[in-house]
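For reference, the structure discussed in these notes is given below.
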Amino acid sequence: MSAHEVVTLGCRLNIAESEAIARTLADAPDRSPVVVINSCAVTAEAVRRTGQAVRRARRADPAARIVVTGCAAQIEPDRFAAMAEVDAVVGNSEKARPASWLDLSGSARVRVGDIMAVRETAPQMAHAYGDRTRAFVEVQNGCDHRCTFCVIPYGRGNSRSVPAGAVVDRIAALVDEGHREIVLTGVDVTSYGHDLPGEPTLGSLVGRILNHVPALARLRLSSLDSIEIDDELFDLVTGEPRMMPHLHLSLQAGDDMILKRMKRRHSRGEAIAMVERLKARRPGIAIGADIIAGFPTESEAMFANSLRLVEECDIVFGHIFPFSPREGTPAARMPQLDRRVIKDRAAALRAACGQQRSRWLESLVATTHSLLVESDGRSGHLENFAAARLAAGSALTPGTIADVAVTAIAGATLSVAMSEAAE
């Protein structure tokens, strides 16, 4: 095992923050091994997996210092502090401070502050990066909404945004370093800017990035709240070639009563209408979505509405979450469904998304696209985020964007061949 390791669970924002933590650890004067578990708390299962990751890390390296951070650590610090394998617990605000990682041995074992008191973003988190092909840049953190099933606001705090100038400067530097694609990340990205002077929007930030970083080849967005896609953002997503034709929407359910009980701000009809508008303007756009299976009080008819939503919104990247009650949330106090029913409904939703994805992949055969070649020189993603792999014997420098033709489907991956000279 290397001197330091960061294990990431959960969202793209955690991925970005893990990269920043890894960079800070690399500069730490103490070279003794450290394993950081950057945890997720979106479901009870995610918290359980954090504990599993801790135990695996201790078995793999009994001498390492193990630190748990992230949302599960923020929300349930005592749970992880009680684990014999854990040396330190670091909260979400504290993990953004370089000092938290530069002197682990001399710090208090549990460092978890009041996340609701945090009003600023950490500038270094906007510096997070991936490999030399795709980089994740944090532009927003926290959430001001209170969906009845969600504990994440209590792990991340209230919404706060990185000033646009800092975002543009960091992306320009990442492009200069050779990154071809940037993914803007956050907890509630479409709420970007409400806390900044002049209240800029996510659309204005995207426009500014595209205008001021002309060398950026590709720009993606992480999960969006469909009701907050305004006209400016819509026009950029559907009309700007450097915006990738792939959106992941936080839909959560396809039944109006369940959406109301979730305290979501959109209706079933509004979600469908948004996808229809997107596809009418940019037919090749690929849609992903988060959907919760087995929310409290969900009847068979209500579930059927969510199941139909998969086809009606043409969801080809489905993230399906079996409902699990989170202590302290209103949904935990609602009448719960049997766990077997929840599991079966999650399986049905995954199967429906799988069928939709298979039809979509089949429709891509014999079409041409651009492939961003990733670290192994053969695999990567098309503009629509379909995974693709070059034929055996073909390899390109990571970071190359190549014109390719889709020749076949191999499982969930497209087989592609060079159609023109690569960039």
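For (1) open to solvent by less than 10 Å² (accessible area, probe 1.4 Å); (2) in contact with a Phe, Trp or Tyr (Cβ under 6 Å, 6 or more places away or on another chain); (3) in a loop (DSSP other than H, G, I, E, B), each residue gets a yes or a no:
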position	(1), (2), (3)
Pro241	no, no, yes
Gly254	yes, no, yes
Arg265	no, no, yes
Ile272	no, no, no
Arg277	no, no, no
Ala289	yes, no, no
Ile292	no, yes, no
Pro296	yes, no, yes
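In region 30-98, which helices (runs of 4 or more DSSP H) lie fully inside it and hold 2 or more residues that are open to solvent by less than 10 Å² (accessible area, probe 1.4 Å) and in contact with a strand residue (DSSP E or B) (Cβ under 6 Å, 6 or more places away or on another chain)?
In region 30-98, 44-60, 71-75 are the helices (runs of 4 or more DSSP H) which contain 2 or more residues that are open to solvent by less than 10 Å² (accessible area, probe 1.4 Å) and in contact with a strand residue (DSSP E or B) (Cβ under 6 Å, 6 or more places away or on another chain).
Scan region 63-103 residue by residue and report those that are aliphatic (A, V, I, L, M), out of contact with any Lys or Arg (no Cβ under 7 Å at 6 or more places or on another chain) and over 18 Å from Tyr154 (Cα atoms).
Scanning region 63-103 gives Ala63, Ala64, Val67, Ala82, Met83, Ala84, Val86, Ala99, Leu102.
Output the number of the condition that Leu224 fails; it satisfies all remaining conditions of (1) free of Cβ contacts under 8 Å to residues at least 24 places away in the same chain; (2) under 16 Å from Val139 (Cβ atoms).
The one condition Leu224 does not meet is (1).
Please pick out the residue among Ala215, Ala164, Ala253, Ala173 that is within 30 Å of Thr297 (Cα to Cα), of a type in the set (A, V, I, L, M), free of Cβ contacts under 8 Å to residues at least 60 places away in the same chain and in contact with a helix residue (DSSP H, G or I) (Cβ under 9 Å, 6 or more places away or on another chain).
Within the list Ala215, Ala164, Ala253, Ala173, the selection yields Ala253.
Looking at region 243-252, which of its residues are within 20 Å of Arg357 (Cα to Cα) and either assigned to a strand (DSSP E or B) or not hydrophobic (A, V, I, L, M, F, W, C) (or both)?
Correct list: Pro245, His246, Leu247, His248, Leu249, Ser250, Leu251, Gln252.
For Met302, which of the numbered conditions (1) in contact with an Asp or Glu (Cβ under 7 Å, 6 or more places away or on another chain); (2) assigned to a strand (DSSP E or B) fails to hold?
All conditions pass for Met302, except number (2).
Can you tell me how many residues in region 206-222 are under 24 Å from Ser375 (Cβ atoms) and either surrounded by fewer than 21 Cβ atoms within 10 Å (Cβ to Cβ) or modelled with pLDDT of 95 or more (or both)?
8
Out of (1) in a helix (DSSP H, G or I); (2) buried (at least 20 other Cβ atoms within 10 Å of the Cβ); (3) of a type in the set (Gly, Ala, Ser), what's the single condition that is false for Gly318?
Result: Gly318 passes all but (1).
Search region 336-349 for residues that are over 11 Å from Ile292 (Cα atoms) and pair each with any residue that is at pLDDT 95 or above and among the charged types (D, E, K, R) when their beta-carbon atoms are under 9 Å apart and the residues are at least 6 apart or on different chains.
Leu337/Glu298; Leu337/Arg345; Val341/Glu298
Taking the residues in region 112-152 that are within 30 Å of Leu382 (Cα to Cα) and open to solvent by 20 Å² or more (accessible area, probe 1.4 Å) as candidates, determine which candidate is modelled with the lowest pLDDT.
If we take residues in region 112-152 being within 30 Å of Leu382 (Cα to Cα) and open to solvent by 20 Å² or more (accessible area, probe 1.4 Å), then Gln124 is modelled with the lowest pLDDT.
Matching residues to (1) over 30 Å from Ala402 (Cβ atoms); (2) in contact with a strand residue (DSSP E or B) (Cβ under 8 Å, 6 or more places away or on another chain); (3) at pLDDT 95 or above; (4) of a type in the set (A, V, I, L, M, F, W, C):
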{"residue": "Gln336", "(1), (2), (3), (4)": "yes, no, yes, no"}
{"residue": "Ile342", "(1), (2), (3), (4)": "yes, yes, yes, yes"}
{"residue": "Arg345", "(1), (2), (3), (4)": "yes, yes, yes, no"}
{"residue": "Ala352", "(1), (2), (3), (4)": "yes, yes, yes, yes"}
{"residue": "Arg357", "(1), (2), (3), (4)": "no, yes, yes, no"}
{"residue": "Trp360", "(1), (2), (3), (4)": "no, yes, yes, yes"}
{"residue": "Leu364", "(1), (2), (3), (4)": "no, yes, yes, yes"}
{"residue": "Thr368", "(1), (2), (3), (4)": "no, yes, yes, no"}
{"residue": "Ser375", "(1), (2), (3), (4)": "no, no, no, no"}
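Could you pull out the residue among Thr43, Thr50 that is touching a helix residue (DSSP H, G or I) at 6+ places or on another chain (Cβ under 7 Å) and among the polar types (S, T, N, Q)?
Only one candidate passes the filter, namely Thr50.
Take Pro98 and tell me if it is more than 30 Å from Leu221 (Cβ to Cβ) and in contact (Cβ under 8 Å) with a residue 12 or more places away in the chain.
no
If only one of Ala395, Ala417, Ala405, Ala412 is out of contact with any strand residue (DSSP E or B) (no Cβ under 8 Å at 6 or more places or on another chain) and free of Cβ contacts under 8 Å to residues at least 60 places away in the same chain, which one is it?
Ala395
Suppose we keep only residues that are assigned to a helix (DSSP H, G or I) and open to solvent by less than 20 Å² (accessible area, probe 1.4 Å) within region 99-111. Which one would you say is nearest to Pro33 (Cα to Cα)?
Trp101
Residue-by-condition table, conditions (1) of a type in the set (S, T, N, Q); (2) surrounded by fewer than 23 Cβ atoms within 10 Å (Cβ to Cβ); (3) under 25 Å from Thr329 (Cα atoms):
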site: Tyr154; (1), (2), (3): no, yes, yes
site: Ser159; (1), (2), (3): yes, yes, yes
site: Ala172; (1), (2), (3): no, yes, no
site: Gly198; (1), (2), (3): no, yes, no
site: Ser204; (1), (2), (3): yes, yes, no
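Out of Met274, Met244, I need the residue that is in contact (Cβ under 8 Å) with a residue 40 or more places away in the chain and in contact with a helix residue (DSSP H, G or I) (Cβ under 8 Å, 6 or more places away or on another chain). Which one?
After applying the criteria, what remains is Met274.
The values are calculated or read from the model by the stated rules, or taken from the named source; none is laboratory data. Source: prediction; values computed, not measured. Quick reminder, even Gly has a Cβ in these numbers, built from the backbone with ideal geometry, and neighbours come from all protein chains shown. Quick note on the areas: whole protein, heavy atoms, side chains included, nothing else; ligands and nucleic acids left out. Shrake-Rupley method; radii C 1.70, N 1.55, O 1.52, S 1.80 Å.
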